[in-house]
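See below for the structure under consideration.
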Amino acid sequence: MTTSESKLRVAAIGDLHVMEDSVAPYRELFAEISANADVLVLCGDLTNFGKTSEAEILAEDIRACSIPVIGVLGNHDYECDQPDEVRAILHEAGMTVLDEQAIEIGGVGFAGVKGFLGGFGRGELAPFGEPLVKAVVGEAMNEARKLENGLRSLRTTRSVAVLHYSPTEQTLEGEPFAIYQYLGSARLADAIDRFDHVKAVVHGHAHHGKYQGATPRGTPVYNVAQFVLQPLFGKPYVVLEI
Ligand SMILES: [Fe+2]
Ligand SMILES: [Fe+2]
């Protein structure tokens with residue numbers, strides 16, 4: 001049993017990339033996770049192409065999960081230009097798709113957004129020049145704003161920020177440096193670092209990145225893309241005690 005004083009076991013996995021020819025691809029894994037954790041967090045790229053047929057397959061496995069399932073969409077879930085349909089199918093199966101609204105489970109708050117690209121430090125794209133460049137930066141700012149609002153609404157002393165894109169370049173190590181700016185945005189870390197209650201950040205997207213890093217203020221960041229976790233832990237998910 002979990003109280004506000006005891007630790008919550010948070011299982012996290014990103015980049016499921018469910019395809020339409022998959023047969024119950026996560027049924028067994030979700031059963032294992034249900035036995036070992038209190039909540040399951042999915043960090044985007046839930047489907048491979050954002051097809052409703054792919055979402056329906058994952059939805060069936062989510063229905064078989066006996067612990068709360070929460071998470072965010074990833075860029076792949078937008079590929080067919082129907083993220084609302086994908087979100088609705090997953091919601092119908094019982095998953096809470098975080099996006100601006102935050103929730104509390106077992107005394108721990110969860111706020112999340114997909115996030116967006118934009119880069120870090122000297123490589124950060126600035127809102128200057130052509131309208132399309134400003135629009136790209138505007139989207140990154142908007143995702144950071146939604147995350148900040150979600151985190152601000154929480155009244156818990158412990159919380160987890162759930163993302164698809166990375167808030168730091170530290171967990172991108174292993175990826176080609178030339179694509180860092182497409183893998184995350186420092187603006188997400190700016191939002192996270194405004195709050196003392198964020199105890200961990202989980203993200204995916206960087207399949208070849210590094211497991212562990214931190215925001216500039218020192219909040220732990222975990223890249224939970226399954227392709228990062230599998231070789232490291234021998235299983236495609238991690239359980240964090242929050
Ligand atoms: Fe991915
Ligand atoms: Fe991705």
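Points worth noting:
- When the C-alpha to C-alpha distance is required to be over 29 Å, the pairs from 199/235; 51/199; 134/235 that qualify are 51/199; 134/235.
- Bridging of residue 7 to aspartates and glutamates at a Cα separation below 20 Å is possible for 32, 38, 104, 196, 241, once same-chain residues fewer than 8 apart are set aside.
- Here the sum of -39500 (n - 2.57) over DSSP H runs of 4 or more residues, divided by the residues of the chain, equals -9000 deg cm²/dmol at 222 nm, to the nearest 500.
- With both residues required to sit in the chain, DSSP beta bridges show an antiparallel share near 30%.
- Solvent-accessible area of residue 208 with every protein chain in place, 1.4 Å probe, in Å² to the nearest 10: 130
- Rounded to the nearest 5, the antiparallel percentage of DSSP beta bridges internal to the stretch 120-242 is 25%.
- With all protein chains in place and a 1.4 Å probe, the accessible surface of the chain carries 53 percent carbon and sulfur.
- Percent antiparallel among DSSP beta bridges (both partners in the stretch 81-171, rounded to 5): 45
- By the compact-protein rule of thumb, 2.2 N^0.38 Å, the alpha-carbon radius of gyration of the stretch 82-174 corresponds to a ratio of 1.24.
- Across the chain, the fraction of Cα-Cα pairs farther apart than 32 Å, rounded to a whole number, is 13%.
- Qualifying aspartates and glutamates (Cα of each under 12 Å from Cα of residue 210; at least 8 residues distant if same chain): 169, 173, 175
- In order along the stretch 226-233, phi translates into HN-Hα couplings of 4, 6, 7, 6, 3, x, 7, 10 Hz, rounded to whole numbers, per the Karplus curve 6.51 cos²θ - 1.76 cosθ + 1.60 with θ = phi - 60° and x for Gly and Pro.
- In terms of accessible area, using a 1.4 Å probe and ignoring ligands and nucleic acids, 65, 80 rank largest first as 80, 65.
- Accessible area per residue, Å², the chain with all protein chains present, probe 1.4 Å: 44
- The stretch 34-133 has equivalent-ellipsoid semi-axes of 29, 18, 11 Å, by the square roots of 5 times the alpha carbon gyration tensor eigenvalues, sorted largest first.
- Normalised by the number of residues in the chain, the average gap of Cα pairs under 8 Å and 6 or more apart makes the relative contact order 21 percent.
The values are calculated or read from the model by the stated rules, or taken from the named source; none is laboratory data. Remember, predicted model here, so these are calculated numbers, not experimental data. Please note that ligands, DNA and RNA were not included when accessible areas were found on the heavy atoms of the full protein model with its side chains. Shrake-Rupley method; radii C 1.70, N 1.55, O 1.52, S 1.80 Å.
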